[in-house]
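Please read the structure below before turning to the comments.
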Amino acid sequence: MEKVVKLKLTRNLREEVLTAMQIQRELGPEINSIVGGNLFRWREEQKISYSEIWEKLNVSAIEYRQWETGKISPQGYRFHETTEKLGPKSYFEAGMMVNELLGKANEFRLLARLGRWDQGCKPLGDALGVVSKFAA
């Protein structure tokens, strides 16, 4: 009995990893762009210079520039630290933004679990369609 349970857990874990990779491929560039645009906007609103922020954060100028241009996103702890340094408004808005992005990721996860990922379904509209079918 133990071996069967371990195999099922392994299969579920593999499916979750594949789903996470699909989410990264589909949402990664959009997430980087959203995060970068907001970091730039928040820094400009606080009138903090580019060099001042990366020095405060103790990151390289190149790395911080890549964050703002959307080439990469900062790791979670760096993002948290950055929004704290950019003021309470950015810290609050960052929380809202993260919740929205997690919602998008969950929509993709729902589609992947339904096995409809490769059928060209769009996440939001399709997820709503699935919900309305079950509600009917």
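So which of Glu15, Glu81, Glu26, Glu55 ends up being more than 14 Å from the chain's Cα centre (by Cα), modelled with pLDDT under 80, of a type in the set (Asp, Glu) and in a helix (DSSP H, G or I)?
After ruling out the rest, the residue left standing is Glu15.
May I ask you to verify whether Tyr50 is loosely packed, with under 12 Cβ neighbours inside 10 Å, aromatic (Phe, Trp, Tyr) and modelled with pLDDT under 95? Even if it seems obvious, please write down each step before you answer.
Numbers: loosely packed, with under 12 Cβ neighbours inside 10 Å: no; aromatic (Phe, Trp, Tyr): yes; modelled with pLDDT under 95: yes.
Spelling it out, it is not the case that Tyr50 is loosely packed, with under 12 Cβ neighbours inside 10 Å, aromatic (Phe, Trp, Tyr) and modelled with pLDDT under 95.
What single numbered condition from (1) closer than 20 Å to Ser33 by Cβ; (2) modelled with pLDDT of 90 or more fails to hold for Gly76?
(2)
The values are calculated or read from the model by the stated rules, or taken from the named source; none is laboratory data. It should be emphasised that the depicted structure is a prediction, and the values quoted were computed from it without experimental measurement. Virtual Cβ from ideal backbone geometry, glycine too; neighbours counted across all protein chains shown.
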